[in-house]
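Below is one structure; the comments refer to it alone.
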Amino acid sequence: MNTLGLRASPSTVYFCIYDSTDDSIINLEQIAIPNVFETPEKLKYLRITILDIIREYEVQKAGIRLSELHPSAKPNVTRIQFEGIIQEAFASSSLQSYFRGT
């Protein structure tokens, strides 16, 4: 069974495809979001890319590491938007289950 793990930063999303049957990493990569895009296009690009990855690798389960918000730190809006779009892509996909955590 293939599992997808993701972690977002303000400019890049890192992902790993893990095959639990063979106990091996299939792919470890990053999605570079083009800076020339405006925010709506960045979010659309990310959503389409995540859905393509899920289909290409026949992913059945997925998880995302969410940002830890500290009371004294200013949250990064771009990263939070990326995390939201990733969660929406999970919900719109054929995944059996998904996890969100810190």
**Prompt:** What lysines could a cross-link reach from LYS61, if we take a straight Cα to Cα line under 23 Å and drop same-chain neighbours fewer than 8 places away?
**Reply:** LYS44
**Request:** Obtain the nm distance between the two label points defined at ILE48 and ARG100 by a simple spin-label model: each point lies 7 Å from its Cα along the Cα-to-C-beta direction.
**Result:** 2.5
**Asked** For labels at ASN27 and GLU56 in the simple 7 Å Cα→Cβ model, what's the distance in nm?
**Response** 0.3
**Item:** Test item: Cα-centred dipole of the chain, Lys/Arg +1 and Asp/Glu -1 on Cβ, debye
**Value:** 440
**Asked** Among (1) 17.9; (2) 14.0; (3) 15.8, which is the computed Kirkwood radius over Cα pairs in Å?
**Response** (2)
**Prompt:** Given a cut-off of under 8 Å on Cα pairs at least six residues apart, what relative contact order in percent is computed for the chain?
**Reply:** 31
**Asked** ³J(HN,Hα) across segment 88-100 via Karplus (A = 6.51, B = -1.76, C = 1.60, θ = phi - 60°), whole Hz, x for Gly/Pro?
**Response** 5, 4, 4, 5, 8, 9, 8, 4, 6, 7, 8, 10, 10
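The numbers here are math on the coordinates, done by the rules we state, and not lab data. Note that this is a predicted model, so its numbers are computed, not measured. Because the Cβ atoms are built from the backbone with ideal geometry, glycine has one as well, and the counts that use them run over all protein chains shown.
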